[in-house]
Amino acid sequence: MAALFCYSVGVFGVLLLVPLYSQSVPGTNVLDAGLLVAPMGVGAIVTMPLAGRLTDRIGARLPGVAGIVTVLAGTLACVGIGPSAVALFVIGLGHGLVTPSIMASAYRTLPGAAVPGAATASQIVIRVGSALGAAVVAVVLQSLSVRTAPPRSPLASPGPGARSDDPPAPARAVTVPVSRTGLRGCGRGWGTA
């Protein structure tokens, strides 16, 4: 389970990073950035059935290690030349080898009655790991981002043109995104439209 967690942290962090990075390139729109990760899914579709058969025949170690090496090669290609469909396809090929191998090795030694609980636990581990990976990438990107404006206290006044009933900055950070979703009746204070 620890290997599944660590792998989920890494690969789903990349899934968040690639579209964000590609959107920073002038001329790339949101749709193009989102479609850039599609080759990862295609690569995984290609290798997942193969990984299952290989794991049944030779065990999980070789397909798992081969998958991790393949993911690392695709990631290094993304770092070296930038995210491309080929590099992301390679990451997907590796992902398709790693995930079934890790899951099969986790279930192989369990008695039949324990498999449903293990399946639930593995899904929880994947979800928590992927959320943590995305959060870590977001925090690292935020801390590395270049700020052109001088830092401002979050408790500073909202600035010229603000109404007296506008919330303080920390409350705006939470309520403004909610108000932009178009949800109505989610409160009777700041940020409701």
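Calculated translational diffusion coefficient of region 62-134 (37 °C, 0.692 mPa s; Stokes-Einstein with Kirkwood radius over alpha-carbon pairs) equals 242 µm²/s. Got a sec to turn the phi values of region 65-79 into Karplus ³J(HN,Hα) couplings, 6.51 cos²θ - 1.76 cosθ + 1.60 with θ = phi - 60°, whole Hz, x for Gly and Pro? Values, residue by residue: 5, 4, x, 5, 4, 5, 4, 4, 4, x, 5, 5, 5, 4, 5 Hz. Using θ = phi - 60° in the Karplus curve 6.51 cos²θ - 1.76 cosθ + 1.60, the 3J(HN,Hα) couplings for region 6-15 round to 4, 5, 4, 4, x, 6, 7, x, 5, 4 Hz; x is entered for Gly and Pro.
When all alpha carbon pairs of region 1-77 are counted in 5 Å bins from zero, the resulting P(r) reads 3, 12, 19, 23, 18, 11, 7, 4, 2, 0 %. Packing, as the average of other Cβ atoms within 10 Å across residues, places the peptides 42-52, 102-112 in the order 42-52, 102-112, highest first.
The Rg/Rh ratio of region 2-144, with both radii computed over alpha carbons and Rh defined as the Kirkwood radius, is 1.01.
Couplings 3J(HN,Hα) of region 46-61, computed from phi: 5, 9, 4, x, 5, 5, x, 5, 4, 5, 5, 7, 10, x, 8, 4 Hz, in residue order, whole Hz [Karplus 6.51 cos²θ - 1.76 cosθ + 1.60, θ = phi - 60°; x for Gly and Pro]. Taking every C-alpha pair closer than 8 Å and separated by at least 6 residues, the mean separation divided by the residue count of region 68-131 gives a relative contact order of 27 percent.
Read-outs throughout are calculated quantities, based only on the coordinates presented, and are distinct from any laboratory measurement. The structure displayed is predicted, hence computed values, not measured ones. In this analysis, Cβ positions are derived from the backbone assuming ideal geometry, glycine residues included, and neighbour counts consider all displayed protein chains.
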